[in-house]
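Note sheet for the following structure.
Derivation of every value follows stated rules applied to the coordinates shown; laboratory data play no part. All figures in this text were calculated on a predicted structure; none of them were measured in a lab. Neighbour counts are summed over all protein chains in view; Cβ atoms, including those assigned to glycine, are modelled from backbone coordinates with ideal geometry.
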Amino acid sequence: MVIEQGRPVHVRMLLFASYAEVVGVEVCDLALSASATVADALAELRLKHPGADVLPTRPLCARNHSQVAMEDEVRDGDEVAILPPLAGG
Amino acid sequence: MNFLTEAGIDTAGLVARVAGSGRGAQVSFTGTVRNHQDGREVRELHYTAYGPMAEVQCGTIVAEAEARWPVSVALQHRVGTLAIGDEAVVVVVAGDHREEAFAACRFVLEEVKRRVPIWKHERYADGTEVWVDPTDAADPAERGS
């Protein structure tokens, strides 16, 4: 992704369980353009790690420990997690 | 206290935290590791979690239950490798009366399954293993505890 305008937004993406296994990474630091969304972060992850192509189009995501919509913006310093189907209990 | 624990769950300790002389009802749920799943023999389970988020979510769920019903709630979930029969999750609820205690206990367990980022790696006796995906099951209620 080209940094278009404004200050870049740095986010840390976390992957867990089956998703970490198939993509081959647990942590990925990304630099995104200003006003980037969770979906943009996921698209950037797919560019950096082709293994992420096998992730669902709209996986469950969290930003700073709360579930978040794909359309929500990310802010500098955010921690964005991609969550496989939850299986606690 | 932490909601996630790598050590065994101290159920008596959880009970002690919610018990009180004004509490006439105490309900607990214990989820244990069973030795079979979908006709396959299970050898052990491994739970992994997004720890910081899981702690936040568990705290929110407990607070929601205690706001909705006049109850006190204690909750712990194991992470790490568990053997058959090990306790994986314990919910203890104390209330003045049984109705709210039963309702709150059910609520907490269901919300843990729905909202807390914990994943279960099932390891079978035949050497194969799989990440459990409750959305794969025909009836999600059939999966898990």
- [ ] Considering only B:Gly127, B:Gly80, B:Gly13, give the residue with the highest GNM mean-square fluctuation for chain B, with springs between Cα atoms whenever their separation is below 10 Å.
- [x] B:Gly127
Task: Reduced Cα scattering model of segment B:17-145, Debye log10 I(q)/I(0), q = 0.10, 0.12, 0.17, 0.21 Å⁻¹ - done: -0.35, -0.50, -0.90, -1.19
Open item on the list: Apply the Karplus curve 6.51 cos²θ - 1.76 cosθ + 1.60, θ = phi - 60°, to the phi angles in segment B:15-26 and return the couplings in whole Hz, x for Gly and Pro.
Closed with: 4, 4, 6, 9, 5, x, 5, x, 9, x, 9, 9
TODO: Grab the DSSP H runs of chain A that are 4 residues or longer, score each as -39,500 (n - 2.57), total them, divide by all residues and round the 222 nm result to the nearest 500 deg cm²/dmol.
DONE: -5500 deg cm²/dmol
TODO: In whole Hz, with x marking every Gly and Pro, tabulate ³J(HN,Hα) for segment B:53-62 from phi via Karplus 6.51 cos²θ - 1.76 cosθ + 1.60, θ = phi - 60°.
DONE: 6, 4, 4, 4, 5, 4, x, 5, 5, 4
TODO: Please report the relative contact order for chain A, taking Cα pairs under 8 Å with a sequence separation of at least 6, and give it as a percent rounded to a whole number.
DONE: 37 percent
- [ ] Only residues of segment B:23-60 count here: report those whose backbone N is under 20 Å from the spot 7 Å along Cα→Cβ of B:Phe102, or say none.
- [x] B:23-31
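Between B:Tyr124 and A:Val25, take the C-beta separation as r, use R0 = 22 Å, and let me know the FRET efficiency to the nearest 0.05. Intermediate values should be presented prior to the final figure.
Working: r = 27 Å, r/R0 = 1.22.
Approximately 0.25, to the nearest 0.05.
What length, rounded to one decimal in nm, is gained on full extension from B:Asn2 through to B:Arg114, with 0.36 nm per residue of separation minus their alpha-carbon distance? Before the final figure, lay out the partial values.
Working: separation 112, 0.36 × 112 = 40.32 nm, distance 1.92 nm.
Separation in residues times 0.36 nm, less the Cα-Cα distance, equals 38.4 nm.
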Task: segment A:7-76: equivalent-ellipsoid semi-axes (sqrt of 5 x gyration tensor eigenvalues, Cα, Å) - done: 18, 13, 11
TODO: Starting from the Cα of A:Ala43, step 7 Å along the direction of its Cβ; do the same at A:Arg7; then give the gap between the two resulting points in nm.
DONE: 2.4 nm
Task: Length released on extending from B:Ala63 to B:Arg43, taking residue separation times 0.36 nm less the Cα-Cα span - done: 3.7 nm
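As an exercise, identify the trypsin sites (Lys or Arg not before Pro) in chain A lying in DSSP coil whose Cβ has no more than 14 other Cβ atoms within 10 Å. Mind showing how you got there, number by number?
On the way: sites: A:Arg12, A:Arg46, A:Lys48, A:Arg63, A:Arg75; in loops: A:Arg75.
In loop regions of chain A (DSSP not H, G, I, E or B), the sparsely surrounded trypsin sites (Lys or Arg not before Pro) are A:Arg75.
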- [ ] Pop out the ³J(HN,Hα) list for segment A:72-79 in order, Karplus 6.51 cos²θ - 1.76 cosθ + 1.60 with θ = phi - 60°, rounded to Hz; leave Gly and Pro as x.
- [x] 5, 6, 9, 10, 4, x, 5, 10
Task: Ratio Rg/Rh, restricted to the protein assembly as shown and using Cα atoms, in which Rh is the Kirkwood radius - done: 1.03
Task: Full-extension gain in nm, B:Asp136 to B:Glu55, via 0.36 nm per residue minus C-alpha separation - done: 26.6 nm
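If I take every Cα pair under 8 Å that is 6 or more residues apart in chain B, average their sequence separation and divide by the length, what percent do I get for the relative contact order? Before the final figure, lay out the partial values.
Values: 275 pairs, mean separation 48.6, N = 145.
34 percent.
Kirkwood Rh and Cα-based Rg: tell me the resulting Rg over Rh for segment B:1-78, rounded to two decimals. Show your work: numbers first, answer last.
Values: Rg = 15.1 Å, Rh = 14.7 Å.
That ratio is 1.03, to two decimals.
When the helices in chain B are scored as -39500 (n - 2.57) per DSSP H run of 4 or longer and the sum is shared across all residues, what 222 nm value do you end up with, to the nearest 500 deg cm²/dmol? Walk me through the numbers on the way to the answer.
Details: 3 runs with 44 residues, N = 145.
Value at 222 nm, helices only, nearest 500: -10000 deg cm²/dmol.
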Task: Amide H contacts under 5 Å for B:Arg40, placed H, 5+ residues apart - done: none
